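Below: the structure, in structure tokens.
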Amino acid sequence: MATRWTDGMNADGGKRGPRRALSAGLVVATVLSTALSVWLAVGLTGQRAAEQRRQDVLAAARQSALNFTSLDYRHYDRDSGNVLKSATGDFKKQFAAQTEQLTELVAENKSVSEGQVLEAGIVRSDARSARVLVVADSKVANTAVPNGEARTYRLQLDLVLEDGHWLTSDVEFVG
């Protein structure tokens, strides 16, 4: 009977222990790299979604402010309709309730207001609501000022997400 002596070497002369450790280390490194890649991809997707929401909020606020500061007595039905189309809640109800009176006032004074949004910034936002500050200029002409005069507005708009659209739920003039 022959006795076989081993010294921890395999048939090709290498050690089994270090090779197994190296293989295990490579497996762990691969798993960790994959997990890190997935984690970074999920984070990047979240950042892109947040940036898209931010851009959507700002675009809606800018358009709402532009609609609110651009009114022409010759097209007041269309212009007030644009304000109402981007409005919701109490703001929409209040503006709609005043539309008839405003139509008469704007027509009587032959008012034309051409708005321009200068700046807009988000004060706060989440997935369903936002508050935006907007600075807008408007050139206003009417029977009292036929050549027009420049006006600057600082508006605080509250927006809510309804059916995939950001709508203005409140407008306040701020200092």
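Here are some notes:
- Sites Ala29 and Glu119 - FRET efficiency at Förster radius 45 Å, r taken between beta-carbons, to 0.05: 0.35
- Taking amide hydrogens as placed 1.01 Å from N in the peptide plane, the amide H of Ser70 sits under 5 Å from those of Gly115, each at least 5 positions away in sequence or on another chain.
- Positive contributions from Lys and Arg (+1) and negative ones from Asp and Glu (-1), summed over other residues with Cβ under 13 Å from the Cβ of Arg154, come out at -2.
- Counting only protein heavy atoms and a probe of 1.4 Å, the accessible surface of the chain is 55% carbon and sulfur.
- Distance between segment 141-164 and segment 71-103 - C-alpha centres, whole angstrom: 12
- GNM remark for the chain: springs join alpha carbons under 10 Å apart, and the peak mean-square fluctuation among Val31, Val112, Val140 falls on Val31.
- Candidates Asp72, Asp126, Asp158, ranked by Gaussian network fluctuation over the chain, Cα under 10 Å, top entry: Asp126
- Label positions at Asp137 and Leu44, each projected 7 Å from the Cα along the C-beta direction, are separated by 4.1 nm.
- For segment 16-121, accessible area per residue (1.4 Å probe, heavy atoms of protein chains only), Å²: 68
The values are calculated or read from the model by the stated rules, or taken from the named source; none is laboratory data. All figures in this text were calculated on a predicted structure; none of them were measured in a lab. Methodologically, a virtual Cβ is constructed for each residue, glycine included, from the backbone with ideal geometry; neighbour enumeration extends over all protein chains shown. Accessible surface is based on the protein model in full, side chains and every heavy atom, while ligands, DNA and RNA are left aside. Shrake-Rupley method; radii C 1.70, N 1.55, O 1.52, S 1.80 Å.
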